[in-house]
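Each reported figure results from applying straightforward, stated rules to the coordinates on display, with no laboratory input. Since the structure is predicted, the reported quantities are computational estimates derived from the model, not experimental observations. We place every Cβ from the backbone using ideal geometry, glycine too, and count neighbours over all the protein chains shown.
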Amino acid sequence: MEKQGGKYDFSLYEYHNLLHQNILVSYKGPIDERIMSVIGENIEIVTNDGNDKARSKIFKIFMELAQNVWLYSAESCKTVSGKQLGMGTLVIGEFGDSYTFVTGNMVKNSDIEPVIEKCEIINSLDRDSLREYRREQRRLANQGKKNSGNIGLIQVALTAESPLDIELTPVNDMESFFSIAVKIKKTLVKS
Amino acid sequence: MNDIHIQGVHEAYFVPTVNFVAATGKCEISGESYLEETTKFYAPLLTWIKEYTETVKGPLNFDFKLSYFNTSSSKCLVDILDMLKKYQQSGGEVSVNWYYEDSDEELEEVEDFIMETGLQINKIPME
């Protein structure tokens, strides 16, 4: 967004149009509990089409993935009180019979490999194995042998009942942009 | 021995409602659990159970009625269940009811808690 001849070379209208189609909520910036609370409520409002199951699924997924951006983004800022907040992008879209929730943030190239491996493991497992994996990882975390960031991703895949669609876009030698998209099918409401 | 009473709050963080009664051994954790410092919140609950099982040594009846809990809370819930299992194995009287909202996923999660801890848990659909 550069200023050229007194005018910013950035069309908010184009940006709006780009996001307008199918996108229900989008946010870019620092994430903390207040932002999570507001976006969480917004998600509940925009997905309130009688599909309670999908709505509660999106909420659960949002809580885990947004928390990961907050805690693990390589791009961060500090509040006045000194709290470190990860920055990233959250988007929720509606596409026919499903919702898609996407989060993206900058990551250090040196840190991302284990996360990608984890996602690949998750995507390779069927539901029963994924549940077993969650039990195992929770057990390890409780014994203090592993951190718990992994359980969140397993939970997301179990809740979404779909794979983690991950993408890594190199930005420079040190950093890349990492995104995770998950699809949440709308379920038929039982009458 | 003191009781624990915590009134649930739904603000930026979600604090569950907690009622632990030493005279009867009736304990309840309900509402939603998403906390700023999860381990710190659950530590006094674990301490209470430990003290109860070592000094009062009476029956423990647990009701879990959580409509939402994040993965971080689930680890602490497993810690509680582990402790209950240990008490049961040492001869303590333990009963656990888990109320779940009508979804397969939540039922699966309770089943996983049972497998994970070896504790008998009654699965009850929430009304």
Theoretical FRET efficiency, 1/(1+(r/R0)^6), r = Cβ-Cβ of A:Glu94 and A:Glu167, R0 22 Å, to 0.05: 0.60
Cross-link pairs A:Lys53/A:Lys183; A:Lys60/B:Lys75; A:Lys185/B:Lys75 - those with Cα-Cα distance over 24 Å: A:Lys185/B:Lys75
Long-range HN-HN contacts of B:Val9 with modeled amide H, under 5 Å: B:Val15
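Only Cα pairs under 8 Å and at least 6 apart count here; give the relative contact order of segment A:123-180 as a rounded whole percent.
26 percent
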Estimated distance in nm for a label pair at A:Asp49 and B:Asn2, the labels positioned 7 Å out from Cα along Cα-to-Cβ: 5.1 nm
Of A:Met36, A:Met106, A:Met87, the one that fluctuates the most in a GNM where chain A has Cα springs shorter than 10 Å: A:Met36
FRET E, pair A:Glu113, A:Val80, Förster distance 35 Å, beta-carbon r, rounded to 0.05: 0.50
Percent of Cα pairs exceeding the 31 Å cut-off, where the set is the protein assembly as shown: 36 percent
Debye intensity ratio I(q)/I(0), log10, segment B:17-127, q values 0.10, 0.15, 0.16, 0.24 Å⁻¹ (C-alpha model): -0.26, -0.60, -0.69, -1.58
Using θ = phi - 60° and Karplus 6.51 cos²θ - 1.76 cosθ + 1.60, couplings along segment A:60-73 (whole Hz; Gly, Pro as x): 4, 5, 4, 4, 6, 6, 5, 4, 5, 5, 4, 8, 10, 4
Under the Karplus curve 6.51 cos²θ - 1.76 cosθ + 1.60, θ = phi - 60°, whole-Hz ³J(HN,Hα) for segment A:85-100, x wherever Gly or Pro sits: 10, x, 10, x, 10, 10, 9, 10, x, 10, 10, x, 8, 8, 9, 10
Top of A:Leu24, A:Leu125, A:Leu90 by mean-square fluctuation, Gaussian network on chain A, Cα under 10 Å: A:Leu125
Counting all C-alpha pairs of segment A:1-152, share separated by more than 18 Å (%): 68 percent
Mean separation of Cα contacts under 8 Å (6+ apart) over length of chain A, as relative contact order %: 23 percent
FRET efficiency, 1/(1 + (r/R0)^6) with R0 22 Å, evaluated for B:Thr55 and B:Gln120 via beta carbons: 0.35
Cross-link reach list, aspartates and glutamates versus B:Lys85, counting only Cα pairs under 12 Å and skipping chain neighbours closer than eight places: B:Glu93, B:Glu116
Built amide H within the under 5 Å cut-off of B:Ser103, gap 5+: none
Listed residues A:Asp52, A:Asp128, A:Asp165, most fluctuating in chain A (Gaussian network, C-alpha, under 10 Å): A:Asp128
